[in-house]
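Sharing a structure below in structure tokens format, with a few things to ask.
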Amino acid sequence: MQHQATPVSATEKKKEARKVAAAVRDKAHRADRGGAGAALAMLGLDFLDLAAGAVVSGFLPYQSEIDVKPLLARLSASGLVTALPVVIGRNEPLQFRLWRPGEPTEAGAWNIPVPLVSAPTTVPDVLLVPMLAFDSGGYRLGYGGGFYDRTLERLRGEKPVIAVGVAYAAQEVHHVPRDAHDQPLDWILTEMGARKVDRQRDAAQ
């Protein structure tokens, strides 16, 4: 009598994928020496054709994440409003506080720097989203907390928002394990350039 293999859950697939993806990102980060951040700043977000005063949420690099600080500096100088995400509680969407490069920060969750608690809150029009890995369908692999998925689900129910996943080009994989609650990205931005996610093509595969 043959025993059927127990199906591997998406949670387990993601857990294993994170280990591999973290090693790939670490390698890309070590080889980069800061050039990718400068490349992002040169590329900018012109592909989105944003109006002056649009709010862009960025992130300060955690561990070996790509550095978007030079990009945020360019955006701020060009008349866009910049902000950073703040974890306010487990299983809660992110909060966003206004912040410009050079302004003070304080330690937030996992000691990630966040704007001071006195900084005004805002609702972004564009979210620059960090990730461990991504695929051509616009799905990303995060750390497992679900913060960006919950946030995008909430914001997309309130108004049009654009999610731009930002990573090293080397972090692309063939397929990211996904759940029903995973929120896809609209664009992918790497040091090699930007590309719009083709959701129809992904659905047909």
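Restricting attention to strands (runs of 3 or more DSSP E) lying wholly within the stretch 120-201, give those where 3 or more residues are crowded, with 20+ Cβ neighbours inside 10 Å and within 13 Å of the chain's Cα centre (by Cα).
On the way: elements: 126-129, 162-166, 187-190, 193-196.
Qualifying strands (runs of 3 or more DSSP E): 126-129, 162-166, 187-190.
Do we have any residue at all in the stretch 121-134 that's of a type in the set (S, T, N, Q) and out of contact with any His (no Cβ under 9 Å at 6 or more places or on another chain)? Before you say what the answer is, go through the steps one by one.
Our first condition is that a residue be of a type in the set (S, T, N, Q); within the stretch 121-134, this holds for 121-122.
With out of contact with any His (no Cβ under 9 Å at 6 or more places or on another chain) added as a condition, the list becomes 121-122.
Taking every residue of the stretch 121-134 in turn, at least one turns out to be of a type in the set (S, T, N, Q) and out of contact with any His (no Cβ under 9 Å at 6 or more places or on another chain).
Considering each residue of the stretch 98-111, count those that are part of a loop (DSSP other than H, G, I, E, B) and in contact with a strand residue (DSSP E or B) (Cβ under 9 Å, 6 or more places away or on another chain), and give that number. If you could, list the steps in order and put the result at the bottom.
Applying the first criterion (part of a loop (DSSP other than H, G, I, E, B)) to the stretch 98-111 yields 99-104, 108.
Subset that is in contact with a strand residue (DSSP E or B) (Cβ under 9 Å, 6 or more places away or on another chain): 99-101, 103-104, 108.
Number of matching residues: 6.
Among the residues of the stretch 87-112, which ones are in contact with a Pro (Cβ under 6 Å, 6 or more places away or on another chain) and either surrounded by fewer than 12 Cβ atoms within 10 Å (Cβ to Cβ) or not β-branched (Val, Ile, Thr) (or both)? Don't jump to the end; show me each part of the working.
Of the residues in the stretch 87-112, the ones in contact with a Pro (Cβ under 6 Å, 6 or more places away or on another chain) are 94, 96-99, 105.
Leu94, Phe96, Arg97, Leu98, Trp99, listed by residue number.
Separate question: Only one residue in Gly144, Gly193 is closer than 21 Å to Val56 by Cβ, of a type in the set (Gly, Ala, Ser) and touching a residue at least 24 places away in the same chain (Cβ under 8 Å). Which one? Before you say what the answer is, go through the steps one by one.
Details: Gly144 fails: closer than 21 Å to Val56 by Cβ.
Step by step, each of Gly144, Gly193 is checked, and only Gly193 is closer than 21 Å to Val56 by Cβ, of a type in the set (Gly, Ala, Ser) and touching a residue at least 24 places away in the same chain (Cβ under 8 Å).
Okay, residues lined up against (1) surrounded by fewer than 19 Cβ atoms within 10 Å (Cβ to Cβ); (2) part of a helix (DSSP H, G or I); (3) at negative phi:
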site: Lys15; (1), (2), (3): yes, yes, yes
site: Lys19; (1), (2), (3): yes, yes, yes
site: Arg25; (1), (2), (3): no, yes, yes
site: Gln63; (1), (2), (3): yes, no, no
site: Asp67; (1), (2), (3): no, no, yes
site: Pro70; (1), (2), (3): yes, yes, yes
site: Pro85; (1), (2), (3): no, no, yes
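Ok, one more. Select from the stretch 38-53 the residues that are among the small types (Gly, Ala, Ser) and free of Cβ contacts under 8 Å to residues at least 40 places away in the same chain and list them in ascending order. Before the answer, list the steps.
Filtering the stretch 38-53 down to residues among the small types (Gly, Ala, Ser) leaves 38-39, 41, 44, 51-53.
Listed by number, the residues that qualify are Ala38, Ala41, Gly44, Ala51, Ala52, Gly53.
Would you pick out the residues in the stretch 72-83 that are more than 20 Å from Arg154 (Cβ to Cβ), in contact with a Lys or Arg (Cβ under 8 Å, 6 or more places away or on another chain) and outside any helix (DSSP H, G or I)?
Thr82 - this is the single residue of the stretch 72-83 that is more than 20 Å from Arg154 (Cβ to Cβ), in contact with a Lys or Arg (Cβ under 8 Å, 6 or more places away or on another chain) and outside any helix (DSSP H, G or I).
Let me ask you something else. If only one of Glu65, Glu92, Glu16, Glu12 is within 15 Å of the chain's Cα centre (by Cα) and of a type in the set (D, E, K, R), which one is it? Even if it seems obvious, please write down each step before you answer.
On the way: Glu92 fails: within 15 Å of the chain's Cα centre (by Cα); Glu16 fails: within 15 Å of the chain's Cα centre (by Cα); Glu12 fails: within 15 Å of the chain's Cα centre (by Cα).
Result of the check over Glu65, Glu92, Glu16, Glu12: Glu65.
Between residues in the stretch 78-98 that are without any contact (Cβ under 8 Å) to a residue 40 or more places away in the chain and within 15 Å of Ile112 (Cα to Cα) and residues that are surrounded by 18 or more Cβ atoms within 10 Å (Cβ to Cβ) and basic (Lys, Arg), which pairs lie under 7 Å by C-beta distance while being six or more apart or on different chains?
Pairs found: Leu84/Arg97; Val86/Arg97.
The numbers here are math on the coordinates, done by the rules we state, and not lab data. Values in this document were obtained by computation on a predicted structure and should not be read as measured data. So basically every Cβ, Gly included, is an ideal-geometry build from the backbone, and we count neighbours across all protein chains shown.
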